[in-house]
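Here the structure comes first, spelled out in structure tokens, and everything after it is commentary.
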Amino acid sequence: MYTVFAFLWLESLQFRGSFLPWLAIALGVAAVVAVVALYVKESGKIALLPRITMALLRVAIVSLIAMLLMRPVWVAEKHTDKIRPVAVLIDVSQSMDSADPRPNLDDQARAAIAFGLVDADKGLPTELPSTGDKSLDKPKRIEVARAALTNPKIDFFKRLSNEGKQPLEIYTFGSQRVGRDSVNEDWLKNLTATEPKTAIVESAFELLNRDDADAPSAIVIVTDGRENAGPKSLDDLSRECYRRNIPLYVYGVGSSAFGQLQTAFGSGASDKSDSARVGSDTDVPNTLFVDDITAVPVRYKVTGVSEGIATITLKYGDREVATKQEKFTLAPDELREGKTFATVMKFTPTKADAETKKQEYSVNVSIASGTGPSAISLNNTMSRPAQVVSRKLKLLWVDSLPRRDFQFMQRDLLRDRRIDAKFYLTEGDRAAMRSGPPWMIEFSREVNGVLNIERAEFRKLLFDFDLIVLGDIPGKFFTKDQQEVIKEFVTEGGGLIQIAGRWHGPAGWANEKGIGPTKPQTNPIADVLPVEFEAVRFPIQALDNPVGFVPVLAPGASRTQIVSLEDDPIDNAERWGKRGTAAIQPSEKQLKPLYWYYPVTKVKPAADVFLVHPTARTPAPDNKEMPLLVGHSFGRGYVLFVGFDDTWRWRFNNQSKLTGKFWTQAIYTAGIPRIIGTKMTQLSSNTLAPVLGTTGEYYLRVFDDNFQPLTSDVIEGTLEKLDAEPNDKDRTVPVKFLKVQGAAGEYTVTLPYNKAGNFRLSVDPKNKNPASLNFPVIHPPEHELSPGPMDEPAMRKLTRESRKLEADAGFYREETLIRLPGDITPKYSPLSNRSEILLWNEWAMILLIGLLTAEWFLRKVNGMS
């Protein structure tokens, strides 16, 4: 026992001096021996007792000095257990300031529990007390959280601290974590939610990064679950909590029935969540034909509703023309981001529709989910101008020989109920050309390859059509007067499509070059076309093996539906070629290659290029991508140049689907303006869904009273925020459309989307035809102010996986919040209390002086020096 005590005593004694302990002990022992020897030597002078006393004093002095040289310290440690704190994180991000709609009884009851209108320990009531309090319909999330945490019935913080026995650490967090007073909770009464981010993971990880002794025993998070900050994910947080054995408890704030519905015209893929794949509106018809089936593509995006029924109703004017119902289901991970669905509404316009004053169709999409008090109902309506045409589009197709495209398209056009087509082949069988419809028998009156019809009669014949398609016809077939009539036809609203050929057209329309003082002769048809070119004729059989190529979409392709061969824009892009390579990419989706094109020298100002060659370029100094499909407005009409003639190759395995769609859309684009008129002011955008923080390009095409492109350098417009306050000084701001260099009548402006809301862009170029365009600017999905429900699935998964349990645990709503404090198990960590006493302090010096004084006194008393 004494041995153990001595060991413990020595274990508690430490030496901190720079003097070596063994040397101090050796010197001390030597000094003691010397003292003993000294007093033994003086045995004859003094008595034994005084001598022993003085010797002991001298030994004590020497031992004390030796010990002081080693600077001794007495160390004591006390081992106990301390209770670990519970950390509380309260979300004060901007999403917590959202006023949730609470259309169903359960969510209204939860708000009533938080505000103390219903007992917190009774669960969800079957009916609410008639308080007349409308705040339960749409309270802010932070208000609900504040009310629940200060509800005296729940008594959250007092019960969580176990009457002060359990230490609490309370923080608010958004983009950063801020400590709060855990004793005085007055700060909670005025708590607001203004932080721009929700850093749930980062805030919790800051607590988890502590060592085991200081780590919390549990983390309680009060949030709507809309994590949107930091590099780590909720899964990372749950794994770290499980590894550290620190469970998460989440009080979820927000409406569980929050739903959002967005609608738009245009096709889209319902199984693709990428916003870039939502679709486009280039396939939405603007012109409808009587007695012809019209397909209106519609897409709608549902957010925050797990399942339900969508009812889509289509009206033309005030007449309901189609309706359908579709069931939908959203997976848990789709509730927050939303899911896009696409459908097509079909109807057949009537003659009454053509006569109605309200020439537009509208679509209403309504969402219904649940029944009774818990039912969710969402509704959205959109409209689009569209004119019903009560007559067929009249088309005249003139070519030299029946090329393969001509053969296939003649058959398709004759079957099309919307088109009344006539044809003529300059080198066809004369008897056939005079046999009657569908042949244009009047054109058979030719002499030596020249159409022998007077100008007045030719004008009357030509103006009976809406669109002329010119193929590979000899330049001499039409006289100069007749060519002038074709130019007048286009100027006054007719459409023209030039399909390039290898021998005659458009080479026959090339402008003649003047010699010497003679001015060059301009060709009327060449003036109309959107490209400049020289006469190039190709041999019947190429000497070299032709290299195949697939046309590439040009930037202007987004502004036309001619090249939209697929409903989904991504799928459509895969149909076309890739820039920089003429090599054919083996793909089931890519179009079959073409093997010939007509080279042009440049594109005329204000023309739109839709397709280009993947590698070929126009000759210097232009040196731009070789255009293959180009269109522009000329006067009131529209002209399209097609620089290839073998689209029949696209029929492989697709029959007439792709070629028919391409040519039909081209024909409508060029031919419809004559039927419904040409818009003198055309305003459009390249952005289908403007998102806050991005920019969008807006395009303006303007004609004057004579249908000539406007030449002003700048056109002013206005941008109005429709949902701004009436006295908001920024409600209307001016914008300037700047002229596009080299494009007459074309203007553009870049708008920054720096505010969310509904806007109207308006422009009045003083041509008696003002135009406007309405568009919304929405928050990105991850933005704090983006509408969305509490992310309950993510929070349930987080708390469950922080414990590695199959069943839900650790997630609470208002009806179960009262149980949360009792579900937390206290945890302890070992605590060591270490104390140190310096033995070489002032008391040791007093003792040393006292011993020296005592020895000196005894030596004096005994007559010693």
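The values are calculated or read from the model by the stated rules, or taken from the named source; none is laboratory data. Given the structure is predicted, the values throughout are model-derived calculations rather than measurements. As a convention, Cβ positions derive from the backbone with ideal geometry for all residues, glycine included, and neighbour counts pool all protein chains shown. Surface accessibility is based on the protein's heavy atoms, side chains included, excluding ligands, DNA and RNA. Shrake-Rupley method; radii C 1.70, N 1.55, O 1.52, S 1.80 Å.
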As a test of the formula, what do you get for the chain when each DSSP H run with n ≥ 4 contributes -39,500 (n - 2.57) and the sum is divided by the residue count, at 222 nm and rounded to the nearest 500 deg cm²/dmol?
-7000 deg cm²/dmol
Within region 741-778, which trypsin sites (Lys or Arg not before Pro) sit in a loop by DSSP and count at most 10 neighbouring Cβ atoms inside 10 Å?
K768
What FRET efficiency comes out for N380 versus T348 if R0 is 30 angstrom and r is the Cβ-Cβ distance? Round to the nearest 0.05.
0.75
Amide H neighbours of F289 under 5 Å, counting only residues 5+ apart in sequence or on other chains, H built in-plane at 1.01 Å?
V389
Distance (nanometres) between label positions extended 7 Å along Cα→Cβ at D571 and R537
4.6 nm
Full-stretch length increase - V740, R319 - with 0.36 nm per residue and alpha-carbon distance subtracted:
147.3 nm
The set of residues whose placed amide H lies less than 5 Å from the amide H of I497, leaving out same-chain residues fewer than 5 positions away, is I468, V469, L470, L640
Distance in nm between pseudo-label sites at R16 and V73 (7 Å out along the Cβ direction from Cα):
0.4 nm
Going down the table (K301/K804; K315/K422; K197/K232; K153/K804; K736/K768), which pairs top 24 Å between alpha carbons?
K301/K804; K315/K422; K153/K804
Between K138 and R819, what FRET efficiency follows from the Cβ-Cβ distance if R0 is 22 Å, with the result rounded to 0.05?
0.20
At 1.4 Å probe radius, can you tell me the per residue accessible area of the chain in Å²?
49 Å²
Cα-projected label distance for T687 with L805, points at 7 Å along beta-carbon direction, nm:
4.7 nm
Starting at the first residue of region 82-89, write each ³J(HN,Hα) from the Karplus equation 6.51 cos²θ - 1.76 cosθ + 1.60 with θ = phi - 60°, in whole Hz, x for Gly and Pro.
10, 7, 7, x, 9, 9, 10, 10
Could you calculate the contour length gain from S362 to K476, that is, 0.36 nm times the residue separation minus the distance between their Cα atoms, to one decimal place in nm?
36.0 nm
Which whole-number percent gives the relative contact order of the chain, counting Cα pairs below 8 Å spaced six or more residues apart?
15 percent
For V547 and L773 in one chain, what is 0.36 nm times their gap in residues minus the Cα-Cα distance, to one decimal in nm?
76.9 nm
Using a probe of 1.4 angstrom, how much of the accessible area of the chain is carbon and sulfur, in percent?
53 percent
Evaluate E = 1/(1 + (r/R0)^6) for T126 and A213, where r is the Cβ-Cβ distance and R0 equals 45 Å; express this FRET efficiency to the nearest 0.05.
0.40
